[in-house]
Amino acid sequence: MRQNWPERLWLVRHGQSQGNVARDKADAAGHNVIELDVRDVDVPLSDLGMRQAEAAGRWFAALPADERPDVILSSPYLRARQTATAICDAGALAGGKAKSVIDERLREREFGVFDGLTTRGIREKFPEEAAHRAKMGKFYHRPPGGESWADVILRLRSALNTINLLYADRRIVIVCHQVVVLCMRYILDELDEGQIMSIDKQAEILNCGIAAYDFERQEHELCVPKLVLWNHGAPLEQGEPQTAEPDTMTGTR
């Protein structure tokens, strides 16, 4: 028993979404608003995003049978659920097809009044809030009606407690979102604000990029999470184009 930790934990960002595409178009055109007629929770994958998800599934399915995941958890957001389903349908899980378990604590960061706005739109519509964010930094800044990174981390600590309780010694895939992947790394690597912000600045988390942690007993019988894979481009490896889009519904980084 690894002190109630999984044997291995993979973090997978969803494939490219239609929101990612709409955001790019809005930025390129200099618009304030991202043109989408659905809630963020209902934004689906793009055609490319679906192919990326299928490629990620093939990547997992190519692992030796005794190394494949046996549990898959997903954010409730449609783009994440579609990615998780594609991974399952590819035969990626040990024992064959399985449905994903939905956990709302793995959802995208909530953007509040910034929802659906580009960076330009935020600055023009909410100049005081944009200035406050610049002063506070995005780790602690909470847009009205939304969440800071610190808020996301609080619910992810709760999700990890559940994973450790229910899935000790199992191999787990979590399908989620860019900020969730980064906040999970903050928790598991015991980072501080400056360290995780530095990692965030280095590169966007790839669509269907894969991170992996192993959990083995260390000195004095302590179990320490060990990062063994980071932001791995499974779609490119499987012959599909790789994308690395910023957060879907806001231009802020």
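Tabulated data
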quantity	calculated
Qualifying residue in the range 53-67 (condition: small (G, A, S), touching a residue at least 24 places away in the same chain (Cβ under 8 Å) and open to solvent by 20 Å² or more (accessible area, probe 1.4 Å))	yes
Selection from the range 228-244 of residues that are in a helix (DSSP H, G or I) and either in contact with a Gly (Cβ under 8 Å, 6 or more places away or on another chain) or open to solvent by less than 50 Å² (accessible area, probe 1.4 Å) (or both)	A234, P235
H132, sole failed condition from (1) assigned to a strand (DSSP E or B); (2) open to solvent by 30 Å² or more (accessible area, probe 1.4 Å); (3) not polar (S, T, N, Q)	(1)
Among the residues listed as R105, R123, the single one being open to solvent by 20 Å² or more (accessible area, probe 1.4 Å), at pLDDT below 95, in a helix (DSSP H, G or I) and touching a helix residue (DSSP H, G or I) at 6+ places or on another chain (Cβ under 6 Å)	R123
Residue check, I210 in contact with a Phe, Trp or Tyr (Cβ under 8 Å, 6 or more places away or on another chain), under 27 Å from L45 (Cβ atoms), modelled with pLDDT of 95 or more and among the β-branched types (V, I, T)	yes
Residues located in the range 204-221, provided they are on the phi > 0 side of the Ramachandran plot and part of a loop (DSSP other than H, G, I, E, B)	C208
In the range 57-85, the residues that are outside any loop (DSSP other than H, G, I, E, B) and more than 14 Å from the chain's Cα centre (by Cα)	G57, R58, W59, F60, A61, A65, D66, E67, V71, T85
Residues of the range 193-240 satisfying the condition of being under 20 Å from Y167 (Cβ atoms) and of a type in the set (K, R)	R217, K226
Complete set of residues in the range 164-194 that are in a helix (DSSP H, G or I) and out of contact with any Asp or Glu (no Cβ under 8 Å at 6 or more places or on another chain)	N164, L165, L166, V181, C183, M184, R185, Y186, I187, L188, E193, G194
Members of the range 164-175 found to be of a type outside the set (D, E, K, R) and either modelled with pLDDT under 95 or open to solvent by 10 Å² or more (accessible area, probe 1.4 Å) (or both), listed by number	N164, L165, L166, Y167, A168
Single residue of the range 87-102 satisfying the filter (touching a helix residue (DSSP H, G or I) at 6+ places or on another chain (Cβ under 7 Å) and either part of a helix (DSSP H, G or I) or closer than 17 Å to L36 by Cβ (or both)) that is least open to solvent (accessible area, probe 1.4 Å)	I87
The one condition in (1) in contact (Cβ under 8 Å) with a residue 60 or more places away in the chain; (2) more than 30 Å from R217 (Cβ to Cβ) that D200 fails to fulfil	(1)
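The values are calculated or read from the model by the stated rules, or taken from the named source; none is laboratory data. Since we're looking at a predicted model, the values are computed, not measured. For neighbour counting, all protein chains shown are included, and Cβ atoms are generated from backbone atoms with ideal geometry for every residue, glycine included. Each accessible area value is taken on the protein alone, full model and side chains, heavy atoms only, with ligands, DNA and RNA left out. Shrake-Rupley method; radii C 1.70, N 1.55, O 1.52, S 1.80 Å.
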